[in-house]
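The values are calculated or read from the model by the stated rules, or taken from the named source; none is laboratory data. The structure displayed is predicted, hence computed values, not measured ones. Positions of Cβ are backbone-derived with ideal geometry, glycine not excepted, and every protein chain shown enters the neighbour counts.
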Amino acid sequence: MRKLKLQVQMSVDGFVAGPNGELDWMTWDMDEKIGQRINDITDSCDTILLGRKMTDGFVTHWERAVETPESPEHEFAKKMVGYRKYVFTRTLDESPWANTTLAKGDIVEEVNAIKAQDGKDVVVYGGASFVSSLIKHDLIDEYNLFINPTAIGEGLRIFSDNGGSFRLRLLDATSYPCGITVNRYEPVR
């Protein structure tokens, strides 16, 4: 069975976005080594899960980067656009995005069916409420938390309303010159 890997930017005080979804607190001057870490996670996967609220901005950003060959994100963007995507939604009846399937059923059944397919692992980037639901239902197999050297005081969390406490086992922790520390965990089941 494929693993579901979470990759998420997080403030040191545990927020993944500001109160209105702001991302201006994130560290954007990443070096080559952390870029390689992101590529390693991405290259181990061939499928992306997204919550509906995050999808439009995510897909639009990467499609624009693909259309701009001089963009430093161009090569990575080709992966993001080319990978199969599942968008979890209760409101959409058809997808306006290419290479995207709408997942409208029970989250546990849908995710387990995706994990049971052949292929590489599956990655999820967000949004916050969608990831919280995945955590609540114990569907994430690997947590890649990119801890930014910033405290924002308030905002959106993924470790809230998750049905109680649970334990994680640290697999590795790596700090990077830009100030981000990546902690990789697996759930203790």
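Please verify whether region 44-64 includes one or more residues that are of a type outside the set (G, A, S), closer than 20 Å to C178 by Cβ and surrounded by 15 or more Cβ atoms within 10 Å (Cβ to Cβ).
No, region 44-64 contains no residue that is of a type outside the set (G, A, S), closer than 20 Å to C178 by Cβ and surrounded by 15 or more Cβ atoms within 10 Å (Cβ to Cβ).
For residues that are within 14 Å of the chain's Cα centre (by Cα) and of a type in the set (V, I, T), tally how many sit in region 23-78.
Of the residues in that region, 7 qualify.
Say we look at region 74-91 and pick out the residues that are outside any helix (DSSP H, G or I) and hydrophobic (A, V, I, L, M, F, W, C); which of these is surrounded by the most Cβ atoms within 10 Å (Cβ to Cβ)?
In this case the residue turns out to be V87.
Pick out the one residue from S129, S71 that is at pLDDT below 95, in contact with a helix residue (DSSP H, G or I) (Cβ under 8 Å, 6 or more places away or on another chain), among the polar types (S, T, N, Q) and not in a loop (DSSP other than H, G, I, E, B).
One residue alone meets the criteria, S129.
Just wondering, is there one or more residues in region 149-158 that are in a strand (DSSP E or B), surrounded by 12 or more Cβ atoms within 10 Å (Cβ to Cβ) and touching a strand residue (DSSP E or B) at 6+ places or on another chain (Cβ under 7 Å)?
Checking region 149-158: at least one residue is in a strand (DSSP E or B), surrounded by 12 or more Cβ atoms within 10 Å (Cβ to Cβ) and touching a strand residue (DSSP E or B) at 6+ places or on another chain (Cβ under 7 Å).
Taking the condition of being of a type in the set (K, R) and farther than 28 Å from F15 by Cβ, how many residues in region 68-127 meet it?
Total satisfying the criteria: 4.
Could you tell me whether region 100-116 includes any residue that is at positive phi, in contact with a strand residue (DSSP E or B) (Cβ under 9 Å, 6 or more places away or on another chain) and surrounded by 12 or more Cβ atoms within 10 Å (Cβ to Cβ)?
no
P149 fails exactly one of the following numbered conditions: (1) touching a helix residue (DSSP H, G or I) at 6+ places or on another chain (Cβ under 7 Å); (2) in contact (Cβ under 8 Å) with a residue 60 or more places away in the chain; (3) not basic (K, R). What is the number of that condition?
(1)
Can you pull out the residues in region 160-178 that are surrounded by 14 or more Cβ atoms within 10 Å (Cβ to Cβ) and either within 19 Å of the chain's Cα centre (by Cα) or among the small types (G, A, S) (or both)?
If the condition is that a residue be surrounded by 14 or more Cβ atoms within 10 Å (Cβ to Cβ) and either within 19 Å of the chain's Cα centre (by Cα) or among the small types (G, A, S) (or both), then N162, L168 are the ones that fit.
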